[in-house]
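Notes to accompany the following structure.
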Amino acid sequence: MFDHVTIRVSDVDASGPFYELALSTLGFDEQATDGTFFEWEDFSLSPAEDETKVTRNLHVAFVAQSREAVDEWWQTMTGAGHRDDGEPGPRPQYSEDYYGGFVLDPDGNSVEAVHGGWPRGGENRIDHLWIRVSDLDAQRRFWETVAPVVGLRVGWERPQRFHVAGSERQFALVREDPTTENVHLAFPAPDNAIVEEFHRVAVAACYRDNGGPGERDYHPGYYGAFVLDPDGNNVEAVCHNR
């Protein structure tokens, strides 16, 4: 579903080791790091330019292969001194087979290891996101505009939330304070034309441009376009041309 989700952190020397422990405990090796940028397949972090650019009030859940793995993860994280945000256990309010444990990262974002009865294939590390928003109707209009272009669908509406889903993963938009700030969501596009269409439909609907279609210097062939959602989060379509 995600090409990548990037968070901006206030202290990379605190957040880098936190996420290294969180992901390695679940069996996920780090894909790349230069000491400031850390990447694990579809999840990455980098330093914020200043305090106003730090990612806050986000919930990110990572895939665990069993309930026992959730228990071990939570015990490891809290044992290392990281703040508890919810002991491991069933969460039937989400689904019958849902089993999660929660801690807080150094910037106060909620981080979860979750296991459930749903398929989770591929190399993705992220199971789901929970993004708090200021205006649910405005967010629904935004995602109904851009999601179909990158092969996603809007649905599974509940009181005060809705979901954007791919074939195996999803994320929730939730009307809740405080709102999520400064998260970057990038979705894969099969070719440059889809990147261009993503940007065109968003700008035509009067959403804020944050970088027109074009090559970026992340690697040869990286072709992306960026717009801002109604709360100012950065949303991208990208084709890697590999």
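The values are calculated or read from the model by the stated rules, or taken from the named source; none is laboratory data. It should be emphasised that the depicted structure is a prediction, and the values quoted were computed from it without experimental measurement. Note that we place each Cβ from the backbone using ideal geometry, even for glycine, and neighbour counts take in every protein chain shown. Accessible surface areas use protein heavy atoms only, side chains included; no ligands, DNA or RNA. Shrake-Rupley method; radii C 1.70, N 1.55, O 1.52, S 1.80 Å.
Say whether the condition of being in contact with an Asp or Glu (Cβ under 8 Å, 6 or more places away or on another chain) and surrounded by fewer than 19 Cβ atoms within 10 Å (Cβ to Cβ) is met by at least one residue in the stretch 144-158. Quick ask: steps written out before the conclusion?
Taking the stretch 144-158 first, the residues in contact with an Asp or Glu (Cβ under 8 Å, 6 or more places away or on another chain) are 149, 154.
Applying the additional criterion that residues be surrounded by fewer than 19 Cβ atoms within 10 Å (Cβ to Cβ) yields none.
No, the stretch 144-158 contains no residue that is in contact with an Asp or Glu (Cβ under 8 Å, 6 or more places away or on another chain) and surrounded by fewer than 19 Cβ atoms within 10 Å (Cβ to Cβ).
Of all residues in the stretch 49-85, count the ones that are part of a loop (DSSP other than H, G, I, E, B), more than 16 Å from Phe18 (Cα to Cα) and of a type in the set (Gly, Ala, Ser).
Residues meeting the conditions: 2.
For residues that are farther than 19 Å from Ser110 by Cβ and part of a strand (DSSP E or B), scanning just the stretch 165-199, find the one that is most open to solvent (accessible area, probe 1.4 Å). Don't jump to the end; show me each part of the working.
Of the residues in the stretch 165-199, the ones farther than 19 Å from Ser110 by Cβ are 165-168, 186-199.
Restricting the remaining residues to those that are part of a strand (DSSP E or B) gives 165, 186-188.
Details: Ala165: 19, Ala186: 0, Phe187: 2, Pro188: 58 Å².
Filtering first and then ranking leaves Pro188.
Could you give me the residue pairs with C-beta distances under 9 Å whose first residue belongs to the stretch 198-226 and is at positive phi, whose second residue is in a loop (DSSP other than H, G, I, E, B) and among the aliphatic types (A, V, I, L, M) wherever it lies, and which are 6+ apart or on separate chains?
Sorted first by the residue in the stretch 198-226, then by its partner, the list stays empty.
Give the number of residues within the stretch 165-178 that are aliphatic (A, V, I, L, M) and either free of Cβ contacts under 8 Å to residues at least 12 places away in the same chain or farther than 17 Å from Ser95 by Cβ (or both). Walk me through how you get there before you give the answer.
The first filter runs over the stretch 165-178 and keeps only residues aliphatic (A, V, I, L, M), leaving 165, 172-174.
Then drop every residue that is not either free of Cβ contacts under 8 Å to residues at least 12 places away in the same chain or farther than 17 Å from Ser95 by Cβ (or both), which leaves 173.
Counting residues in the stretch 165-178 that are aliphatic (A, V, I, L, M) and either free of Cβ contacts under 8 Å to residues at least 12 places away in the same chain or farther than 17 Å from Ser95 by Cβ (or both) gives 1.
So for the stretch 200-222 (the condition being β-branched (Val, Ile, Thr) and surrounded by fewer than 17 Cβ atoms within 10 Å (Cβ to Cβ)), does at least one residue qualify? Steps first, answer last, please.
Taking the stretch 200-222 first, the residues β-branched (Val, Ile, Thr) are 201, 203.
Add one more test, that the residue is surrounded by fewer than 17 Cβ atoms within 10 Å (Cβ to Cβ), and what stays is 201, 203.
Yes, the stretch 200-222 contains a residue that is β-branched (Val, Ile, Thr) and surrounded by fewer than 17 Cβ atoms within 10 Å (Cβ to Cβ).
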